[in-house]
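*Asks:* If you scroll down you'll find the structure; I have some questions about it.
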Amino acid sequence: MDLWVLPREAVLGGKPYPHKTDYRQILKLMSLLSDEGKHPRLRWLTALAYFYETPIPPALEGEAMAYLSDFLTCGEAGAPGPKLLDWQIDAPEIIADINAVAGREIRSEPELHWWSFLSFFHGIGEGRLSRLVTIRDKLSRGKKLEPQEQEYYRAHRDKVRLRQTETPADTARRRQLEALLS
């Protein structure tokens, strides 16, 4: 991928496949990929159907998944670590800090490319989100919290501890509805 160009289509099997690019669409796509209630293969197939504007032939699914993965990370693959961030749960902190970096309210823009959104995200310095992620990181590695971090943790324990966005009861209800609709 050419990091100097904002991609709007994938070339798969020599043919262009336009895809979604707006950060809101990509955050929805990431939600689809993280749905623990579905088999990983089904999550990826659902994500491909959502991401690409036209159906992907089965022979190109592997290539399409690899492109999607690279697109989501701007081509930066890294070793997975502990989960320190949830795009939905942490939305208030993410939005506040990205707006500060961007110098404007990004939600009012009709479209903002995912890579531009990530550039703003990576530009976040000290702020609400970094405090939260730092505390989560220390807790995940068994490190001692500083006194002000301990105070924040005591006051915001539910926010610091990443909870499931969908409860088991929600999962059961969703599965019942899916069964009725199929």
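The values are calculated or read from the model by the stated rules, or taken from the named source; none is laboratory data. As the structure is a computational prediction, the values presented were derived from the model and not from experiment. All Cβ positions, glycine included, derive from the backbone under ideal geometry; neighbour counts span all protein chains shown. Ligands, DNA and RNA are excluded from the accessible area calculation, which covers all protein heavy atoms including side chains. Shrake-Rupley method; radii C 1.70, N 1.55, O 1.52, S 1.80 Å.
*Asks:* Relative contact order for the chain: what percent, with Cα pairs under 8 Å and sequence separation of 6 or more?
*Replies:* Once normalised by length, the contact order is 20 percent.
*Asks:* For the chain, what does the helix formula give at 222 nm: sum of -39500 (n - 2.57) over DSSP H segments with n ≥ 4, over the residue count, nearest 500 deg cm²/dmol?
*Replies:* -16000 deg cm²/dmol
*Asks:* Let me ask something else. Can you work out the accessible area per residue across the chain, with the rest of the protein chains kept in place, probe 1.4 Å, in square angstrom?
*Replies:* On a per-residue basis, the chain sits at 62 Å².
*Asks:* Also, I was wondering about something else. Using modelled amide H (1.01 Å from N, peptide plane; none on Pro or chain starts), what sits under 5 Å from the amide H of Y17, excluding residues fewer than 5 places away?
*Replies:* It is A10, V11, L12, by chain and number.
*Asks:* Could you list the GluC sites (Glu not before Pro) in region 57-101 that lie in coil according to DSSP, counting only those with at most 12 other Cβ atoms within 10 Å of their Cβ?
*Replies:* Hits after loop and neighbour filter: E76.
*Asks:* Let me ask another. Please return the longest stretch of the chain lacking exposed loop sites, where trypsin sites (Lys or Arg not before Pro) count only if DSSP places them in a loop and at most 14 other Cβ atoms lie within 10 Å.
*Replies:* 9-82
*Asks:* Using the Karplus curve 6.51 cos²θ - 1.76 cosθ + 1.60 with θ = phi - 60°, what ³J(HN,Hα) values do you get for each residue of region 39-53, in whole Hz, with x for Gly and Pro?
*Replies:* Computed from phi, the couplings for region 39-53 are 4, x, 5, 5, 4, 5, 5, 5, 5, 4, 4, 6, 5, 7, 6 Hz.
*Asks:* Report the calculated FRET efficiency for Q150 and E111 (r = Cβ-Cβ distance, R0 = 35 Å), to the nearest 0.05.
*Replies:* Taking R0 as 35 Å, the efficiency between Q150 and E111 is 0.25.
*Asks:* For region 153-161, just list the computed ³J(HN,Hα) in residue order, Karplus coefficients 6.51, -1.76 and 1.60, θ = phi - 60°, integers in Hz, with x standing in for Gly and Pro.
*Replies:* Ordered by residue, 3J(HN,Hα) equals 4, 4, 7, 10, 3, 5, 6, 5, 7 Hz.
*Asks:* So, one more: So what's the net charge close to P82: Lys and Arg +1, Asp and Glu -1, counting the other residues with Cβ under 10 Å from its Cβ?
*Replies:* Summing Lys and Arg as +1 and Asp and Glu as -1 gives +2.
*Asks:* How much of the accessible area of the chain, in percent, comes from carbon and sulfur atoms when a 1.4 Å probe is used?
*Replies:* Exposed carbon and sulfur together represent 56 percent of the surface.
*Asks:* Using the beta-carbon distance between S130 and K15 and R0 = 41 Å, what value does 1/(1 + (r/R0)^6) give for FRET efficiency, to the nearest 0.05?
*Replies:* E between S130 and K15, to the nearest 0.05, is 0.45.
*Asks:* Related question: Please list, or write none, the lysines whose alpha carbon is within less than 29 Å of the alpha carbon of K159, excluding same-chain residues fewer than 8 places away.
*Replies:* Correct list for K159: K28, K38, K83, K138, K143, K144.
*Asks:* If you plug each phi of region 12-19 into the Karplus form 6.51 cos²θ - 1.76 cosθ + 1.60 with θ = phi - 60°, what whole-Hz ³J(HN,Hα) values come out, in order, with x for Gly and Pro?
*Replies:* With the stated coefficients, region 12-19 comes to 10, x, x, 10, x, 10, x, 9 Hz.
*Asks:* If you take Cα extents along the principal axes in Å from the coordinates, which of [x] 115, 42, 33; [y] 56, 45, 33; [z] 50, 44, 27 do you get?
*Replies:* Matching the structure shown: [y].
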